[in-house]
Every structure is written in structure tokens, then in C-alpha cells.
Amino acid sequence: MPALHDKFASQIPRLRDELKAIAKDHAQHKISEVTVAQAYGGMRGVKGMICDTSLVEPDKGLIIRGIPILELTDKIPEEIFYLLMTGDLPDAAALKGLQEEYTKRAGVPDYVWKVLEAMPKESHPMAMFDTGILVMEHESEFRKRYTEGMKKTDYWEPALEDSLNLLAKLPELAAGIYRMRYDKGPRIPYDPKLDWGANYAHMLGNDDKDFYSAMRLYLTLHCDHEGGNVSAFSCHTVGSALSDPYYAVSAGLNGLAGPLHGLANQECLGWILKVVEKFGGTPTDEQLKEAAWETLNSGKVIPGYGHAVLRCPDPRFVAFVDFGAKYCADDDVYKTVKKVFDIIPGVLKEHGKAKNPQPNVDAGSGSILYHFGLREFPYYTVLFAVSRSMGMCSQLVINRALGTAITRPKSVGTDWIKKEVGL
Ligand code: CMX
């Protein structure tokens, strides 16, 4: 099997021909209608963009290139990135090739650390991470080539180059921020003998082989969630203006840093530990219900529950619970997370607002990290961000290969809506 670059290059002519034919022969075919509720409701369910890397089925969850995520939990993140990009899992040689690419490209420039060191000590790790990526924009091959006057059909190549550089450096950037932000001592260098996920664990400072496995799983499960979620869509929009991958990924991750999106995993374990603290240990069912109602009655959401698209327990949550059953079944926090899963859906159903009362990915991940001693909650979204960068980068490279148009949906004013509905 050819290396990632060559395999993707060989697919481009077919992808372009296919797109050209569909757009020409079916240009006026209607694929969606938009209601007033959707216009006011975050465009939920409006089909208005294309994403081929993955799909989220309301009753099944994440499907990557046709493969349900629960069938991919034994894969390592490098295999997942290859799959996202090409639609195929790599064979041993292609996987080795991608790992060698990462090793060749590892190494966060010194000037990045200087900028991060100048930030206030209590800066949020996500602000530091996104800043680090933006500062590295200096390295962008896409911007250099665009300034020199590259052809539109060549855009994908430096976009892939930037993406590989970014992905190679992100675990190191993320781990360096962890060690700096939480006074864990000097940065730990990248180990060329380790895979991407294990390297991240190693650079964080934890060489427990089970933590390596946890990290590989974490990075695999968070990799992508089709195109319309806040981070993917933000990255897509910014990239569509031909802002380079550093700008686009940083923009997407700024969205991931919101509490209704990726930051929920920081909020989630915090909520659980507060409950444990309040009741002086693992809460009873009644105590859990009381805590849930207290949160809901104060107008707050229960983090880790509900989803804009899913209408079933998130399979990524299921994967974390399965992993926990093997590695930390007796851990109090893990047990509480499972108990919360028994209670919260019922409470949310009774509350009657959330369309999906089931857990999302963020409800389960924290207990695994906590078990392995990674207990700085504000850092959790950075782990999510390292993983989600795979989805954002693959979507972006594919879009540059296909010459996807600049994003520009039509907005209307309230007066227009009033007239339209006859008010
Ligand atoms: N707790 C309390 N109320 C909830 C809720 C929850 N977990 N989930 C949804 N609701 C409420 C909404 O706030 C909304 O209330 P209003 O009508 O008063 O505005 C109502 O139920 C309907 O919302 P929905 O259509 O079911 O959900 P949305 O598509 O609007 O929002 C999401 C989806 C994820 C933002 C929402 O479920 C939520 O806030 N969950 C908690 C935060 C969270 O876990 N986010 C992580 C999601 C995964 C990710 O993207 O990383």
C-alpha cells in the first residue's frame, strides 16, 4: 500500500471527477429544507455541507469511513488518520511510513515556548494550546506557496504538508503545556521509538503501559465527528477562505474550548467530584438525583449528557466504560461515572427538555484520565483537541483537493422572518 501522500494523490482525480459529475448532473436536486426553528436553532439538521471522513448516525453514533467506532477501538491513532484521509486502514508499511513522517517532523520550535512562557501563569491550557498553534503559523508551507502563486489544483499538497507537521508536533506542544502549566518539571523529549499516542503519554510524564493504551484509545475515539459540529465547522469555514491549516485548526479548537462542546469533559468530572465531595463519598441513587435536580433547577446543564445529533448512548462513552471495566473497575470515580449513567438519563427524561438524555463522550473519558493520575481537569480539553485535529486536518486537506467553495450561507433579518411568516 502506498504512503499516505501517494495514496491520497492517486485518489484525487476520481474524487474530482465524481464531484464534477454530481454537481453538474444534479445541481438542482433538493437535499434539505430549512424551517424557522432551524434558522433560530443553530441550523440543526440542515444538510448544507459535505464531509466524507465520518458520519454521525443519531441511533448509532460515530462511523468513520463506513466503520462504526466500536470496531476501531483496537486501532492506533495513526491508523485512524490514514483511514480518515483515504478511506482505508493502512497496511504495516503504510503505517510505518506515516510514523516515520511524524518522527521526521517532530520538534516544536523554540520561539513557541518563549511565547507560551510569557503568558500569565494561570492561562487556560486551551488558550495556551491554540496560541501555540497560531504562533507556529510562521511555519506554514501553504501560506508560503500561496504567496508564491500556487495553482488551485495544488492546494491540497502544502495543506497536507502543514497538517502532517502540525499532527507531528501537537502531542509535544500539548505535553509541554501540561508540564509548564502544572509545574511538572522540564519538558520530556519526543521518543522516536514510540507511536503517536504512547509518545504523548510519555511526554506528559507517565510511562505506565496501561496509560499508553488509554491514551491511544482516547486519541482514537475523539478523532472526528462529521463536519457540522462547532470545531469542525469553524475549521471548515476558516479553511474555506484559504487561511492555512494553522489558522483553521486553531479556529476550530477555539470552538472546542466552549463548555457546550469539548470543554464539557473538564466540567463533567468536576461535576461528579463535587457530588462525591458533597455527600462525603460515592453518592446513593437518591443523592445523585438530588444533585442532578439542584443543577437543573439552577438553570445549568448536566455536563456529559445530551447531544445535538445523537439519540442513543454515545458509543465512545461505551468504549470508555468498557476500557474502565478492564483497567479500573474498582476505582471510586469510575464507579460513580457508571452510577451517574444509571441515574441521569431518567432525571433528564423527567426534566423533559433534552432531546437526548443519554451520555456523550465527555461523560466517560475523565474517569479514565483521573485513574491514571491526570487530574488537572482544565487540561482535559487539550487531549480532546490533539485528537480532533486529525479530523479537522483530514477534512481540510480533502476540501482543498476538491476545491471546496468559500463558506457563505445566507443570513436573514428578524424583519425578513416576520414578513415571511406573515407577522
Ligand atoms: N442538561 C440539562 N439540559 C439539557 C442538557 C443537559 N445535559 N442537554 C440539553 N439540555 C436542554 C438544552 O439546554 C435546551 O434547553 P432550552 O430549550 O432551555 O435552551 C433543551 O434541553 C433542548 O436541547 P437539545 O436540543 O436536546 O440539545 P442541543 O442540540 O441544543 O444541545 C448540547 C446539545 C450537547 C449542547 C446539550 O445537550 C448540552 O448542553 N449538554 C451538556 C454539555 C455537554 O455535554 N456538551 C458536550 C457535547 C459533546 C461535544 O460536543 O463535545
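For the reader, a short list of remarks on this structure follows.
- Residue pairs whose Cβ atoms lie under 9 Å apart, sitting 6 or more positions apart in sequence or on different chains, and linking a residue in region 405-421 that is over 21 Å from T237 (Cβ atoms) to a partner that is surrounded by 10 or more Cβ atoms within 10 Å (Cβ to Cβ), are I417/V36; I417/A39; I417/Y40; E420/V36; E420/V412; V421/V36.
- Counted residues, region 346-356 - those being closer than 17 Å to E290 by Cβ and within 10 Å of the ligand (Cβ to nearest atom): 3
- So A319, is it within 21 Å of H371 (Cβ to Cβ), among the aliphatic types (A, V, I, L, M), without any contact (Cβ under 8 Å) to a residue 40 or more places away in the chain and more than 8 Å from the ligand (Cβ to nearest atom): no
- Test: residue in region 204-218 that is surrounded by 18 or more Cβ atoms within 10 Å (Cβ to Cβ), within 26 Å of R408 (Cα to Cα) and without any contact (Cβ under 8 Å) to a residue 40 or more places away in the chain: no
- Residue in region 264-278 that is in a loop (DSSP other than H, G, I, E, B) and more than 8 Å from the ligand (Cβ to nearest atom) present: no
- For I63, the criteria (1) more than 23 Å from G197 (Cβ to Cβ); (2) without any contact (Cβ under 8 Å) to a residue 24 or more places away in the chain hold in every case but one, which is (1).
- Filtered by the rule that a residue be part of a loop (DSSP other than H, G, I, E, B) and within 15 Å of the ligand (Cβ to nearest atom), region 357-379 gives P357, Q358, N360, V361.
Conditions (1) within 23 Å of P259 (Cβ to Cβ); (2) within 10 Å of the ligand (Cβ to nearest atom); (3) among the aromatic types (F, W, Y), marked per residue:
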site: E286; (1), (2), (3): no, no, no
site: E294; (1), (2), (3): yes, no, no
site: G299; (1), (2), (3): yes, yes, no
site: V309; (1), (2), (3): yes, yes, no
site: D332; (1), (2), (3): no, no, no
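- Look at region 138-161: where a residue is in contact (Cβ under 8 Å) with a residue 24 or more places away in the chain and a partner is among the β-branched types (V, I, T), sitting 6+ places away or on another chain with Cβ atoms under 6 Å, you get W156/V397; A159/V397; L160/V397.
- Breaking point among (1) within 16 Å of the ligand (Cβ to nearest atom); (2) touching a residue at least 40 places away in the same chain (Cβ under 8 Å); (3) at positive phi, for V386: (3)
For (1) surrounded by fewer than 20 Cβ atoms within 10 Å (Cβ to Cβ); (2) polar (S, T, N, Q); (3) closer than 23 Å to G228 by Cα, each residue gets a yes or a no:
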{"position": "E267", "(1), (2), (3)": "no, no, yes"}
{"position": "W271", "(1), (2), (3)": "no, no, no"}
{"position": "K278", "(1), (2), (3)": "yes, no, no"}
{"position": "Q287", "(1), (2), (3)": "yes, yes, no"}
{"position": "N297", "(1), (2), (3)": "yes, yes, no"}
{"position": "V309", "(1), (2), (3)": "yes, no, yes"}
{"position": "F317", "(1), (2), (3)": "no, no, yes"}
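- Of all residues making up region 221-254, the number that are crowded, with 21+ Cβ neighbours inside 10 Å and either within 11 Å of the ligand (Cβ to nearest atom) or of a type in the set (K, R) (or both): 5
- Qualifying position, being in contact (Cβ under 8 Å) with a residue 60 or more places away in the chain and either assigned by TED's automatic domain parsing to the domain that holds S140 or more than 17 Å from H351 (Cβ to Cβ) (or both), among G228, G280, G258: G228
The values are calculated or read from the model by the stated rules, or taken from the named source; none is laboratory data. Model, not experiment: these values are computed from the prediction. Heads up, the Cβs are rebuilt from the backbone with ideal geometry, glycines too, and the neighbour counts pull from every protein chain shown.
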